[in-house]
Amino acid sequence: VAAGRLVAGSAPAASSVVAVGMQKSGAHAMGLHEGYSQEQWGPWRSHTLLLQQAIQELGWQEQAQTLVKVFKEHARDKEGKLSRDEFLTIMQKYPCCKASHHAVFFQLFDRDQDGYLNENDFVGGMLSVSPMTPHKLEAPSGQLRMQFIYLYYDANRNGRLEVEEVAKMIEHIQQLRGQPHADAMVDATALVSLYSGPFGFAAFYDAAQKRMLNGTAPLLRTQTDLVEAIRQRQAGAGVGPAQASAAPLDHSGAVSGGAAYYGQPPASGDPPGGRPPSQGQDDLGSLAALPGGGHAAPKGGALGASGGQQAAAATAHAARSSPSPRRAPYPPPQDYSRHWGGGGGASASNAVSTYPPPGPSPEAQAVALRIVRQLMDLSNRDRTDWRYNLQLATAMEVLLLCGTVVEIFRREDSLVQVPLPCRVYGDIHGQLLDLLEFFNAFSWPDKRRGDIFSMSYIFLGDFVDRGAYSCDVVTLLFSLKILYPRKVFLVRGNHEDRLMNVNYGFHDNCQRKFFAEGTDVWERMNDVFEFLPVSALVDNSILCIHGGIGDSINSLEELRGIPKPIQVVSEINSSTTHQDRVVLDALWSDPTDNDQVFGVQSSPRGKNTCRFGPDRVQDFNRRNGLKLIIRAHECVQHGYEYFAAGQLLTVFSATNYCNQYNNDGAMVVLVRDDVTGEVVEHAQVIKSGQVDTSHGWNDQQFRAPSPMRRAEGPGCEDHCW
């Protein structure tokens, strides 16, 4: 590696003859030669040139040097070449994905199909499949990824995507969203019909760029970055082979219950013609038959609803398959979704690994500590100095935090155990100013100015949306989790779901803060949300959950061991599993209006959830040996409010909700009484008006806030501090 570019293997010389419609200089710049078809291949570019530009773009010089060093250490069979067995040895020594996928990547990277990789093949391939590589289509790294993805789905190797091949891609996307995929062929036919001539790379790239085809970003990703795996192994930390391995596959290549990163296996063989002709090292050859898999994909239609001219069939089908009224449809922002594997809860993940779990990198810990210290300092200043232009981290730093914290969440069970004493926060909704007020008034979850060594912290979801600091709140909470993984616990709320937060403010907040990289940050944070636990159990006696128990949750066991990533179904139908209903109730259900309304009642939130009466709460607590359920999800006047004769407590931690209610905010402290030995709860409150929220809530709301929960009073004034 020299001057930021690979010198092993020269860039191909462009032919002096170019196809009609291509300028000679343009072909040379793209590294292509005679036979290039502008109509079919459009923006296709030289692998070597893209790799050189991507290394510069990402500042990947050091990572490239690391990979070249490993390449040279293992390339012994043939000088300057890495054989299949040598590549597999590297992947086994530095595990970054499921072992069964190692051969997939080798055959994809082997552009000459000669059974060997050169340095460009190896470095370019690993850069392209790294979960840390953005999927910005206009960038060299994004284009390099798109070319690999296109070749992979071109199953019959004829240089164009047939309708069946496009349908398979859409089918995989819809499978992982938990949505019916019987109409994938309809969608594919509609999409292909938008383009005259073959659906080549030019059409594929255009459809993705115009957001008519969503879901390309998560394809062909390792679960962890190979360079990071190498560094951790060399540092002696040990790296396990994909702590939550990719989901098992059936014989059709469909996903079975989790997230994987590999497409339907293309047929072997390479019919003549079709692929973009180039010279030497840049002849991207055919792939042999690959082991299949499914594709992780963002929740949202595989076919977008904006950009370009939409076919009537595509529009009609999009209308038929919209989510239920409870949720707003997911418009097609630029794709950047699931970068981490799934396939089981914490216990399943740990069972497959014989290596100790990797800890946070020093770089991630340094960023996390800087963010916490910065907010400590800012919170003691006049807030007019910084509240309008707060910038805690760069987009790349936020992505680093996401890639680090997801590994911590991956190993936690869906019902996480939390020791006493403990502080429990309710909805924050992007209200960073309220959260900082709580920390300054009572205690920070920090070793310098707080009680983190003696106190656990639970945050009960709805970190984002409606408030002006959604991205900052998540950045702070992820930082605290990285610094204190056994003391800080984040439980998922219904707004930690891209189908919700794309409309309620989080997506816009990320875009305003990070501009072109904002959607990447939003997608990655939503990917992390799918690994959050859905409940916490404090001292085996108090259940903490965002919504409630609904009508489907009858035991704590139903909350345990839910495979991650946890995807929230968009509607209940005949195919909805009990586990999906459990997740919906945990995130969405509410108590009835008061202790006189019993049983299970319909919910104004929609048919996908319900309200549960005091009899349900008391029966659940009795059968599970619980003292109390603490939940969030509803604004309450005093910040906290009891239900079911004191056996359920709602806590809401943001004041002046949407500047429409003059409510207080509260959090609950759980401690053991020194005399009785019983666990007791105390509410700590910040009053309405104590924090200036004039800038804290978004001026425009997608939908008016849900009505405040009304009761005669909180019923625990004697516990209020």
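The values are calculated or read from the model by the stated rules, or taken from the named source; none is laboratory data. Computed from a prediction, not measured in an experiment: that's the story for all the values here. Cβ coordinates were reconstructed from backbone atoms using ideal geometry, including for glycine residues, and neighbour counts include every protein chain displayed. The accessibility values were calculated without ligands, DNA or RNA, using every heavy atom of the protein model including side chains. Shrake-Rupley method; radii C 1.70, N 1.55, O 1.52, S 1.80 Å.
When you check Ala536 against the structure, is it part of a helix (DSSP H, G or I) and not hydroxyl-bearing (Ser, Thr, Tyr), yes or no?
Judged against the criteria, Ala536 is not a match.
In the stretch 57-73, what residues are part of a loop (DSSP other than H, G, I, E, B) and free of Cβ contacts under 8 Å to residues at least 40 places away in the same chain?
Of the residues in the stretch 57-73, the ones part of a loop (DSSP other than H, G, I, E, B) are 59-60.
Within the stretch 57-73, just Gly59 meets the criteria.
Results for (1) surrounded by fewer than 23 Cβ atoms within 10 Å (Cβ to Cβ); (2) over 23 Å from the mean Cα position of the chain (by Cα); (3) in contact (Cβ under 8 Å) with a residue 12 or more places away in the chain; (4) under 19 Å from Met91 (Cα atoms), shown as yes or no for each residue.
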residue: Val104; (1), (2), (3), (4): no, yes, yes, yes
residue: Gln113; (1), (2), (3), (4): yes, yes, yes, no
residue: Tyr116; (1), (2), (3), (4): yes, yes, yes, yes
residue: Phe122; (1), (2), (3), (4): no, yes, yes, yes
residue: Val129; (1), (2), (3), (4): no, no, yes, yes
residue: Arg145; (1), (2), (3), (4): no, no, yes, no
residue: Tyr153; (1), (2), (3), (4): yes, yes, yes, no
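Just for the stretch 637-677: of the residues that are part of a loop (DSSP other than H, G, I, E, B) and free of Cβ contacts under 8 Å to residues at least 40 places away in the same chain, which one is farthest from Pro419 (Cα to Cα)?
The first filter runs over the stretch 637-677 and keeps only residues part of a loop (DSSP other than H, G, I, E, B), leaving 637-639, 644-647, 653-656, 660-664, 673-677.
Still in the running and free of Cβ contacts under 8 Å to residues at least 40 places away in the same chain: 647, 662, 664, 673-677.
Numbers: Gln647: 20, Asn662: 34, Asp664: 27, Asp673: 15, Asp674: 16, Val675: 19, Thr676: 18, Gly677: 15 Å.
Among those that are part of a loop (DSSP other than H, G, I, E, B) and free of Cβ contacts under 8 Å to residues at least 40 places away in the same chain, it is Asn662.
Suppose we filter the stretch 45-56 for residues that are open to solvent by 40 Å² or more (accessible area, probe 1.4 Å), assigned to a helix (DSSP H, G or I) and either modelled with pLDDT under 90 or among the basic types (Lys, Arg) (or both); how many remain?
0
List the residue pairs whose Cβ atoms are under 7 Å apart, where the first residue sits in the stretch 530-557 and is farther than 11 Å from Leu460 by Cα and open to solvent by less than 10 Å² (accessible area, probe 1.4 Å), the second is assigned to a strand (DSSP E or B) and of a type in the set (Lys, Arg), and the two are 6 or more positions apart or on different chains.
From the stretch 530-557, the pairs are Glu530/Lys564; Phe531/Lys564; Gly548/Arg631.
Given the conditions (1) open to solvent by 20 Å² or more (accessible area, probe 1.4 Å); (2) assigned to a helix (DSSP H, G or I); (3) of a type outside the set (Asp, Glu), which single one is not true for Arg76?
Among (1) open to solvent by 20 Å² or more (accessible area, probe 1.4 Å); (2) assigned to a helix (DSSP H, G or I); (3) of a type outside the set (Asp, Glu), Arg76 violates only (2).
Of all the residues that make up the stretch 454-473, how many are outside any strand (DSSP E or B) and either free of Cβ contacts under 8 Å to residues at least 12 places away in the same chain or of a type in the set (S, T, N, Q) (or both)?
2
Keeping to the stretch 147-182, report how many residues are modelled with pLDDT of 75 or more and in contact with a Ser or Thr (Cβ under 7 Å, 6 or more places away or on another chain).
The qualifying residues number 3.
Within the set of pairs 6 or more residues apart or between chains, which connect a residue that is of a type in the set (A, V, I, L, M) inside the stretch 413-427 to a residue that is open to solvent by 20 Å² or more (accessible area, probe 1.4 Å) with Cβ atoms less than 7 Å apart?
Leu415/Arg560; Leu420/Asp539; Leu420/Val671; Leu420/Arg672
Looking at (1) within 23 Å of Arg411 (Cα to Cα); (2) open to solvent by 10 Å² or more (accessible area, probe 1.4 Å), which one does Lys447 not meet, given that it meets all the others?
(1)
Pull up the stretch 558-578, narrow it to residues that are among the polar types (S, T, N, Q) and over 30 Å from Leu399 (Cβ atoms), then point me to the one that is least open to solvent (accessible area, probe 1.4 Å). Explain how you work it out, then say what you get.
Let us first name the residues in the stretch 558-578 that are among the polar types (S, T, N, Q), namely 567, 570, 573-577.
From what's left, over 30 Å from Leu399 (Cβ atoms): 573-577.
On the way: Asn573: 65, Ser574: 129, Ser575: 91, Thr576: 28, Thr577: 67 Å².
Among those that are among the polar types (S, T, N, Q) and over 30 Å from Leu399 (Cβ atoms), it is Thr576.
Which one of these does Asn663 not meet: (1) farther than 16 Å from Ile428 by Cβ; (2) modelled with pLDDT of 90 or more?
For Asn663, the failing item is (1).
Considering (1) open to solvent by less than 10 Å² (accessible area, probe 1.4 Å); (2) of a type in the set (Ser, Thr, Tyr); (3) in a helix (DSSP H, G or I), say which one Thr404 fails and leave the rest.
With respect to (1) open to solvent by less than 10 Å² (accessible area, probe 1.4 Å); (2) of a type in the set (Ser, Thr, Tyr); (3) in a helix (DSSP H, G or I), Thr404 is out only on (1).
Part of a helix (DSSP H, G or I) and open to solvent by 10 Å² or more (accessible area, probe 1.4 Å): is that true of Lys168 in this structure?
Judged against the criteria, Lys168 is a match.
When only residues in the stretch 685-721 that are within 20 Å of Asn503 (Cβ to Cβ) and touching a strand residue (DSSP E or B) at 6+ places or on another chain (Cβ under 8 Å) count, which is modelled with the lowest pLDDT?
Asn698
Looking at Leu543, is it hydrophobic (A, V, I, L, M, F, W, C), outside any loop (DSSP other than H, G, I, E, B) and touching a helix residue (DSSP H, G or I) at 6+ places or on another chain (Cβ under 9 Å)? Please lay out each step first, then the result.
Numbers: hydrophobic (A, V, I, L, M, F, W, C): yes; outside any loop (DSSP other than H, G, I, E, B): yes; touching a helix residue (DSSP H, G or I) at 6+ places or on another chain (Cβ under 9 Å): yes.
Yes: the conditions hold for Leu543.
Do we find that Glu62 is acidic (Asp, Glu), at pLDDT 85 or above and either touching a helix residue (DSSP H, G or I) at 6+ places or on another chain (Cβ under 6 Å) or within 18 Å of Asp225 (Cβ to Cβ) (or both) in this structure?
Against the criterion (acidic (Asp, Glu), at pLDDT 85 or above and either touching a helix residue (DSSP H, G or I) at 6+ places or on another chain (Cβ under 6 Å) or within 18 Å of Asp225 (Cβ to Cβ) (or both)), Glu62 qualifies.
Filter the stretch 508-529 down to the residues that are in contact (Cβ under 8 Å) with a residue 40 or more places away in the chain, closer than 24 Å to Met667 by Cβ and under 9 Å from the mean Cα position of the chain (by Cα) and list them by number.
If the condition is that a residue be in contact (Cβ under 8 Å) with a residue 40 or more places away in the chain, closer than 24 Å to Met667 by Cβ and under 9 Å from the mean Cα position of the chain (by Cα), then Met525, Val528 are the ones that fit.
Just to verify a result, which residue in the stretch 474-501, among those that are open to solvent by 10 Å² or more (accessible area, probe 1.4 Å) and part of a loop (DSSP other than H, G, I, E, B), is nearest to Ile549 (Cα to Cα)?
In this case the residue turns out to be His495.
Here are some residues: Arg622, Arg611. Which one is farther than 25 Å from Pro563 by Cα and in a helix (DSSP H, G or I)?
Going through Arg622, Arg611 in turn, the sole match is Arg622.
Quick check, is Phe199 open to solvent by less than 10 Å² (accessible area, probe 1.4 Å), out of contact with any Cys (no Cβ under 7 Å at 6 or more places or on another chain), more than 18 Å from Leu49 (Cα to Cα) and part of a loop (DSSP other than H, G, I, E, B)?
Yes, satisfied.
Please enumerate the residues belonging to the stretch 614-667 that are basic (Lys, Arg) and surrounded by fewer than 24 Cβ atoms within 10 Å (Cβ to Cβ). It would help to see each step written out before you state the result.
Here is the first cut: in the stretch 614-667, the residues basic (Lys, Arg) are 616, 622-623, 627, 631.
Result: Arg622, Arg623, Lys627.
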